[in-house]
Amino acid sequence: MRRISRITVAGAATASLALALSACGGTSTSSGSSESKGDKGLAIAYDVGGKGDQSFNDAAYAGLEQAKKQFGYETADVEPTDGETDADKEQRLVSLAKQGYNPVVGVGYAYAAALKGAAEKYPDTTFGIVDDATIEADNVADLVFSEEEASYLAGVAAAKATKTKTVGFVGGVDIPLIHKFEAGYKQGVKDTDPKVKVIPQYLTQTAEEGGFSSPDKGKSAAEGQIEKKADVVYAAAGLSGQGVIEAAAANKVWAIGVDSDQYKQEALAKYKDSILTSAMKDVAKAVFNLAKSVEDGKPATGIVKGDLKTGEVSLSNSNPKFADDAELQEAIETAKEKIISGEIKVKSS
């Protein structure tokens, strides 16, 4: 497997945005500081759900903000539009490259065909794609993660936390990427307590049907699982996961978040006491590292994979009830060590 050396990440960043609307969905552009060099750097194109999903897209935006602060250049982030085609996505990426942004990142596997086309048209621009490993090009970095490993740990947590011996899994879209989350979760549950039942459900067959962008669908699915006695529900469903968390809070059961530390997210603050933990993948770090590699004159290319060993997938410890449960923490740490050593082989399907 092609692998790039990891790059040290600086601290998290915050900065204010000056908004400007343009074609190809809404675009936000921003200079890094009053001392900005005036050149253009990182640009990201959001996946379904867009900025504000409290999950996947917002993690990519955090990486962009960090790059903007550290490198002092102009950045851009572009929203998707409803019903868009691969040609629309490619036009968006080409427009960013044509304007001089470098690198240009497509946030999500849905950009695969579009990004491949854009990269061919702009061979001197570095492109990155999150959650896809199918593009082989000298100017493309495939930013992927071992989500099944963090999901295994989420399964350990669920098996330890359940009192009804029934837990749920809500997947946004029935695709191989989300199967990784389900497979790891189920294995973690069963390895911890074979008597615990896992109820899985997918919201839609395609992203276009709203599986990653419909909190109402997530809420309905979680309510159905809770009616079947599930008292821990893990959602890998993007924005739809907010509905799962809302249903868990309303029914006083546990939710497990995904991608980002959802316990800390402002939009979910009123539900945070019901968020046991989150199975995180550090999309922010992956996006920032790609920007840094370009800034350093050594652009990353090929498959760049984050896992438990690199620290780029993990479980959050923000909820004190989770962090202070010594038995639960010991079980998770033991499982983590066995995964890293290779003693536990986590399934991805």
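Of note:
- Of all the listed residues (VAL253, VAL232), the sole one being farther than 22 Å from GLU312 by Cα and in contact with a Phe, Trp or Tyr (Cβ under 6 Å, 6 or more places away or on another chain) is VAL232.
- Test result for LYS121, open to solvent by 50 Å² or more (accessible area, probe 1.4 Å) and touching a strand residue (DSSP E or B) at 6+ places or on another chain (Cβ under 6 Å): no
- Counting only strands (runs of 3 or more DSSP E) that fall entirely inside segment 259-349 and contain at least 3 residues that are within 26 Å of GLY243 (Cβ to Cβ), the qualifying elements are 275-281, 313-315.
- Flag if GLY188 is in contact with a His (Cβ under 9 Å, 6 or more places away or on another chain) and either open to solvent by less than 10 Å² (accessible area, probe 1.4 Å) or under 27 Å from ASP132 (Cβ atoms) (or both): no
- Close pairs from segment 100-119: first closer than 16 Å to ILE175 by Cβ, partner basic (Lys, Arg) and crowded, with 24+ Cβ neighbours inside 10 Å, Cβ under 7 Å, at least 6 apart: TYR111/LYS89
- Taking segment 63-93 as the range and being in a helix (DSSP H, G or I), in contact with a Lys or Arg (Cβ under 9 Å, 6 or more places away or on another chain) and open to solvent by 30 Å² or more (accessible area, probe 1.4 Å) as the test, the residues that pass are GLN70, GLU90.
- Enumeration of residues in segment 298-324 that are among the acidic types (Asp, Glu) and free of Cβ contacts under 8 Å to residues at least 60 places away in the same chain: ASP324
- For segment 212-219, the criterion of being basic (Lys, Arg) and part of a helix (DSSP H, G or I) is met by at least one residue.
- Whichever residue in segment 247-264 is farther than 21 Å from GLU223 by Cβ and within 14 Å of the chain's Cα centre (by Cα) and, among such residues, is surrounded by the most Cβ atoms within 10 Å (Cβ to Cβ): ASP259
- Test: residue in segment 150-161 that is open to solvent by 10 Å² or more (accessible area, probe 1.4 Å), in contact (Cβ under 8 Å) with a residue 40 or more places away in the chain and closer than 29 Å to LYS116 by Cα: no
- Breaking point among (1) open to solvent by less than 10 Å² (accessible area, probe 1.4 Å); (2) in contact (Cβ under 8 Å) with a residue 40 or more places away in the chain; (3) within 17 Å of the chain's Cα centre (by Cα), for ASP282: (1)
- Which listed residue is at pLDDT below 95, crowded, with 21+ Cβ neighbours inside 10 Å and in the same structural domain as ALA236 (by the TED database), from PHE212, PHE169, PHE181: PHE212
The values are calculated or read from the model by the stated rules, or taken from the named source; none is laboratory data. For clarity, every value in this text was computed on a predicted model and none was experimentally measured. Note that we place each Cβ from the backbone using ideal geometry, even for glycine, and neighbour counts take in every protein chain shown. When the accessible area is computed, the model is the full protein with side chains, heavy atoms only, and any ligands, DNA or RNA have been set aside. Shrake-Rupley method; radii C 1.70, N 1.55, O 1.52, S 1.80 Å.
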